[in-house]
1. Being touching a Phe, Trp or Tyr at 6+ places or on another chain (Cβ under 7 Å) and buried (at least 19 other Cβ atoms within 10 Å of the Cβ) is the filter here; which residues of region 199-209 pass it?
2. Please return the ranges of helices (runs of 4 or more DSSP H) entirely within region 49-149 where 1 or more residues are of a type in the set (D, E) and touching a residue at least 24 places away in the same chain (Cβ under 8 Å).
3. Note down all Cβ pairs under 6 Å where the first residue falls in region 187-199 and is of a type in the set (G, A, S), the second is not in a loop (DSSP other than H, G, I, E, B), and they're at least six residues apart or on different chains.
4. All but one of (1) assigned to a helix (DSSP H, G or I); (2) among the hydrophobic types (A, V, I, L, M, F, W, C); (3) at pLDDT 95 or above hold for A318, so report the exception by its number.
5. Quick check on I284: is it farther than 20 Å from A77 by Cα, buried (at least 17 other Cβ atoms within 10 Å of the Cβ) and within 21 Å of the chain's Cα centre (by Cα)?
6. Counting just the residues of region 240-275 that are touching a helix residue (DSSP H, G or I) at 6+ places or on another chain (Cβ under 7 Å) and surrounded by fewer than 18 Cβ atoms within 10 Å (Cβ to Cβ), which one comes out farthest from H227 (Cα to Cα)?
7. How about region 127-176: which of its residues are over 21 Å from T191 (Cα atoms), polar (S, T, N, Q), touching a Gly at 6+ places or on another chain (Cβ under 9 Å) and buried (at least 19 other Cβ atoms within 10 Å of the Cβ)?
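The values are calculated or read from the model by the stated rules, or taken from the named source; none is laboratory data. Small disclaimer: the values here were computed from a predicted structure and weren't measured. Glycine gets a Cβ as well: all are built from the backbone with ideal geometry, and neighbour counts include every protein chain shown.
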Amino acid sequence: MNIFGLRKKLSILLLAVIIVTGVNAQDIVSFSNLSQYGINTGNRVSLKVNARGSQVISYGVASSVGGVLFQETAVPATGFAGMSVSLEYTAEKPDGQRLAVTIGNTTVTADLYDWQFIPTALFAESEYTACMTLLGQPKTRAEIITDINNEGRVMWMEFHPSFTNTLAGINLFFIDALLIDFNRSPLRQVTSALNGVIPGYNDISFNAANSASSSSFIRGILFDSTHEWESYIYTDYGTSILYEIKDGRLVFTGHPSYLFLSFDDDTETVIVNDTLNNLMKREIQNIRNINPVIYRAAEQTAQWAAFFRMVKEQNPQAWSGFISRIQGASFESHISTPRYWFRY
């Protein structure tokens, strides 16, 4: 998210309508009453940016993708190097038990639901690494007129094609905006608007008091005058994601974090605030406390994207078969991801 400069973004308004159907057609879980965030939709715009390694902090990428970017490829933990890895998807099994991972001679069932892993796998299948941005531009005549009439108050969103209109995608918008808390309707509480439970998503507790306390603490760090930054990206850049099987489960080590940056527009260079970045990594638990639902889903999306990318590179033939099976899967969710919103 780019917070300062021409795009000073200190207010978030949200458009989202999520419906997840369970086993029975009548079982409906949905967000409701989100007009308090401002409802603005329009033509979807695909984000197609491929940045890896130091490209993530290049001026061209960092100044235009102030959102979410996952570019890492997972590596095996000690004791798992050299073991073959394959994936199996069985649509006939209950959701949450359909993905099996085999490493060497051991097969485990991934505790992951279709709403999350299918868009994530399709994301890893693509050549692009940017997931979503808050720094899009108006495209159509109507959007340009809206932008002009509102004198720069409009923020335009773009999503990777695989995350467009998915719960996994809108959650990445949430994680990007999670650090900004507003008196009118704090985004950190958005998952409380769900009127039911989505397995694998909001089936963990959200403590409003802990959220408020941690949000205040983190904002105190971010807006301390000694910490200079203009923008941030939620990314796995600068970390290693390792995988292993432990106690019958696939376990990851390493997680994404917020990368805080400043820009010199004259020289088109990026200044990375290592001091603030390291401090925020140490305060990871406080960040998680702001909304554990949002953070868990975003963290898992990054880790699984890295794992899927590794399988694609290590075993392309098996990966191709896996992708062909999930491409036709109809995971049980629908969402309208936002196109734009106003800052107050």
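1. Residues of region 199-209 touching a Phe, Trp or Tyr at 6+ places or on another chain (Cβ under 7 Å): 199-200.
G200, the sole residue that qualifies.
2. Values: elements: 59-62, 114-125, 141-149.
Answer list for region 49-149: 114-125, 141-149.
3. Filtered contacts from region 187-199: A193/F31; G196/V29.
4. (3)
5. On the way: farther than 20 Å from A77 by Cα: yes; buried (at least 17 other Cβ atoms within 10 Å of the Cβ): no; within 21 Å of the chain's Cα centre (by Cα): yes.
Judged against the criteria, I284 is not a match.
6. H255
7. Initial filter on region 127-176 (over 21 Å from T191 (Cα atoms)): 127-130, 135-156, 158, 160-162.
Now narrow it down to the ones that are polar (S, T, N, Q): 129, 137, 140, 146, 149-150, 162.
Checking the rest, the ones that are also touching a Gly at 6+ places or on another chain (Cβ under 9 Å) come to 140, 146, 162.
Listed by number, the list holds a single entry, S162.
A quick yes/no check of all residues on (1) in contact with a helix residue (DSSP H, G or I) (Cβ under 9 Å, 6 or more places away or on another chain); (2) at pLDDT below 90:
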residue	(1), (2)
T102	no, no
P119	yes, no
K139	no, yes
E151	no, yes
S192	yes, yes
